[in-house]
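The values are calculated or read from the model by the stated rules, or taken from the named source; none is laboratory data. Bear in mind that the values here come from a model prediction, so they are computed numbers and not experimental data. When we count neighbours, we look across all protein chains shown, and the Cβ atoms used for this are built from the backbone with ideal geometry, even at glycine. Each accessible area value is taken on the protein alone, full model and side chains, heavy atoms only, with ligands, DNA and RNA left out. Shrake-Rupley method; radii C 1.70, N 1.55, O 1.52, S 1.80 Å.
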Amino acid sequence: MRLSYGVSACLGSLPLLAIIILIVYRDNSGSEIEKKKNNTCVEHPPGSGVVDLIVIGDTEVSLTPEMDENETNIAFHRFLSTINVACLKSVRLGNALDGGWDMCLSGPYRPRGPCLVYSFGINFDFSFDDAISTTFGCTVRAFDPSMDVDDHRRSPNVWFYRFGIGGSDVVRSNGWTVKTLSSLLNMFNESNTLIDHLKIDVEDDEWGWMEEVLGTTVLSRVKQLAIEIHAVDQTRAALLRRFRLLRRLEDAGFRRWYFSMNMYNIYATALGVRSCCYEMVYINVNFLDPGNAACGRIYYSESST
């Protein structure tokens, strides 16, 4: 385990996959429809906008206690390599490789001022934080206890704090001060404020954070979640526990629109290609407006901008 936060890499977004999904949802005349088992849903009225986002459906991969170790490993990594949503408008903010993150801009997920970002795991790379601040004018709170840097205001909209995030409020043996998300929100009087983007890149501490936060209502106010998932412990018990946590994240309304393996830590096994970590980006579908949807899945914006 590395002693610094914020080391990640991605392979780019998935525009081709989104296009393929969109084609599947079109009939020969070009009308957006979803084929049901017994009937065809009503198409969206023409001239009402452009297709913005498609909800594909829930992840069908399951892990059960009856699976052996190899079956559990294969199913877990298959689960991490699926998406539930095709976001047709996205942007990469920050560095093209390490340090940058992809962001969905469809519908309600495009930040509009005043907007708020919490970013955990910097490792001296503020490229994402600077980009989302300058592009959308968001207030950014950036956190990393591993950097030997005092709290400071980096720019007009970006503040840095020497805290980490985890499942409890504690000062660790290495001197790091770690707090829950609820505690940090209370500290800044933002407990009732919407978070447009929450980034978690904390080198395996995401699991303790996730277990704690899923027992609260904090995530109901988060529109988009970018998180690096670590799967260093490949034991059956660990994978089952982590699968259940990710399922609880889906139960809270989060659907994955993007994933990539950390390209610096890819390796081959007898069960397939693996990586230490996966970069994931989720949207909270509870923020979608059913009035902008055709067939309950295909969402429209008012224009092509």
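Return the residues of the stretch 140-156 that are of a type in the set (A, V, I, L, M, F, W, C) and assigned to a loop (DSSP other than H, G, I, E, B); say none if nothing qualifies. Spell out how you get there, then give the answer.
In the first step, residues of the stretch 140-156 are kept if they are of a type in the set (A, V, I, L, M, F, W, C); the result is 140, 142-143, 147, 149.
Listed by number, the residues that qualify are 147, 149.
Residue by residue through the stretch 216-249, note down the ones that are out of contact with any Asp or Glu (no Cβ under 7 Å at 6 or more places or on another chain), under 22 Å from residue 55 (Cα atoms) and assigned to a helix (DSSP H, G or I). Can you show your working first?
Looking only at the stretch 216-249, we keep the residues that are out of contact with any Asp or Glu (no Cβ under 7 Å at 6 or more places or on another chain), and these are 216-222, 225-226, 231, 233-235, 237-244, 246-249.
Retained after the next criterion (residues that are under 22 Å from residue 55 (Cα atoms)): 219-222, 225-226, 243-244, 246-249.
Once the filter is applied, which keeps residues that are out of contact with any Asp or Glu (no Cβ under 7 Å at 6 or more places or on another chain), under 22 Å from residue 55 (Cα atoms) and assigned to a helix (DSSP H, G or I), the stretch 216-249 yields 219, 220, 221, 243, 244, 246, 247, 248, 249.
If only one of 158, 171 is touching a strand residue (DSSP E or B) at 6+ places or on another chain (Cβ under 7 Å), open to solvent by 60 Å² or more (accessible area, probe 1.4 Å) and of a type in the set (A, V, I, L, M), which one is it?
Values: 158 fails: open to solvent by 60 Å² or more (accessible area, probe 1.4 Å).
The match here is 171.
Say we look at the stretch 121-137 and pick out the residues that are outside any loop (DSSP other than H, G, I, E, B) and among the charged types (D, E, K, R); which of these is least open to solvent (accessible area, probe 1.4 Å)? Break it down into steps so the answer makes sense when it comes.
So in the stretch 121-137, the residues outside any loop (DSSP other than H, G, I, E, B) come out as 127-136.
Right, trim to among the charged types (D, E, K, R) and you get 129-130.
Working: 129: 1, 130: 45 Å².
That would be 129.
Give me the pairs, please: first residue somewhere in the stretch 242-262 and acidic (Asp, Glu), second residue anywhere and open to solvent by less than 40 Å² (accessible area, probe 1.4 Å), beta-carbon distance under 8 Å, and either six or more positions apart or on two chains.
250/59; 250/84
Can you run down the residue pairs with Cβ atoms below 7 Å, 6 or more apart or on separate chains, where the first is in the stretch 77-92 and farther than 18 Å from residue 224 by Cβ and the partner is outside any loop (DSSP other than H, G, I, E, B)?
Close Cβ pairs satisfying both conditions: 77/272; 77/274; 79/243; 80/229; 80/259; 80/278; 81/259.
Considering only residues that are open to solvent by 30 Å² or more (accessible area, probe 1.4 Å) and at positive phi, which ones fall in the stretch 197-218?
Answer for the stretch 197-218, where residues must be open to solvent by 30 Å² or more (accessible area, probe 1.4 Å) and at positive phi: just 204.
Kindly provide the set of residues from the stretch 152-173 that are touching a helix residue (DSSP H, G or I) at 6+ places or on another chain (Cβ under 6 Å) and of a type in the set (D, E, K, R), ordered by number. Step through it out loud before you land on a result.
Residues of the stretch 152-173 that are touching a helix residue (DSSP H, G or I) at 6+ places or on another chain (Cβ under 6 Å), as a first pass: 157-158, 165-167, 169.
Result: 169, single match.
Of everything in the stretch 60-74 that's part of a loop (DSSP other than H, G, I, E, B) and open to solvent by 90 Å² or more (accessible area, probe 1.4 Å), which residue is nearest to residue 236 (Cα to Cα)? Before the answer, list the steps.
Pass one, the stretch 60-74, residues part of a loop (DSSP other than H, G, I, E, B): 60-68.
From what's left, open to solvent by 90 Å² or more (accessible area, probe 1.4 Å): 60, 66.
Values: 60: 19, 66: 11 Å.
Looking at the filtered set, the residue picked out is 66.
Does residue 159 fit the bill of being without any contact (Cβ under 8 Å) to a residue 60 or more places away in the chain, more than 22 Å from residue 111 (Cβ to Cβ) and not in a loop (DSSP other than H, G, I, E, B)?
Working: without any contact (Cβ under 8 Å) to a residue 60 or more places away in the chain: yes; more than 22 Å from residue 111 (Cβ to Cβ): no; not in a loop (DSSP other than H, G, I, E, B): yes.
Criteria not met by residue 159.
When the residues of the stretch 248-264 are filtered to those that are out of contact with any Leu (no Cβ under 7 Å at 6 or more places or on another chain) and open to solvent by 50 Å² or more (accessible area, probe 1.4 Å), which remaining residue is modelled with the highest pLDDT?
Out of the qualifying residues, it is 251.
Within the stretch 175-185, can one find any residue that is of a type in the set (D, E, K, R) and either surrounded by 14 or more Cβ atoms within 10 Å (Cβ to Cβ) or under 22 Å from residue 131 (Cα atoms) (or both)?
Yes: the stretch 175-185 contains one or more residues that are of a type in the set (D, E, K, R) and either surrounded by 14 or more Cβ atoms within 10 Å (Cβ to Cβ) or under 22 Å from residue 131 (Cα atoms) (or both).
Considering the stretch 263-292 alone, what residues qualify as being part of a strand (DSSP E or B) and free of Cβ contacts under 8 Å to residues at least 60 places away in the same chain?
Keep residues of the stretch 263-292 that are part of a strand (DSSP E or B), which gives 266-269, 272-275, 277-284.
Residues satisfying the conditions are 266, 267, 268, 269, 273, 275, 282.
Report the residue count in the stretch 95-110 for those that are closer than 28 Å to residue 293 by Cα, of a type outside the set (Gly, Ala, Ser), open to solvent by 10 Å² or more (accessible area, probe 1.4 Å) and in contact (Cβ under 8 Å) with a residue 60 or more places away in the chain.
Step one: filter the stretch 95-110 for residues closer than 28 Å to residue 293 by Cα, giving 101-110.
Applying the additional criterion that residues be of a type outside the set (Gly, Ala, Ser) yields 101-105, 108-110.
Filter once more, so that each one left must be open to solvent by 10 Å² or more (accessible area, probe 1.4 Å): 105, 108, 110.
Of the ones still in play, those that are also in contact (Cβ under 8 Å) with a residue 60 or more places away in the chain are 108.
Result for the stretch 95-110: 1.
Report every pair of residues separated by at least 6 positions or lying on different chains whose Cβ atoms are under 7 Å apart, first residue within the stretch 51-76 and farther than 29 Å from residue 300 by Cβ, second charged (D, E, K, R).
Correct list of pairs: 61/78; 69/236; 72/236.
Take the residues of the stretch 167-208 that are farther than 20 Å from residue 223 by Cβ and part of a strand (DSSP E or B): which is farthest from the chain's Cα centre (by Cα)?
Looking at residues that are farther than 20 Å from residue 223 by Cβ and part of a strand (DSSP E or B), I get 171.
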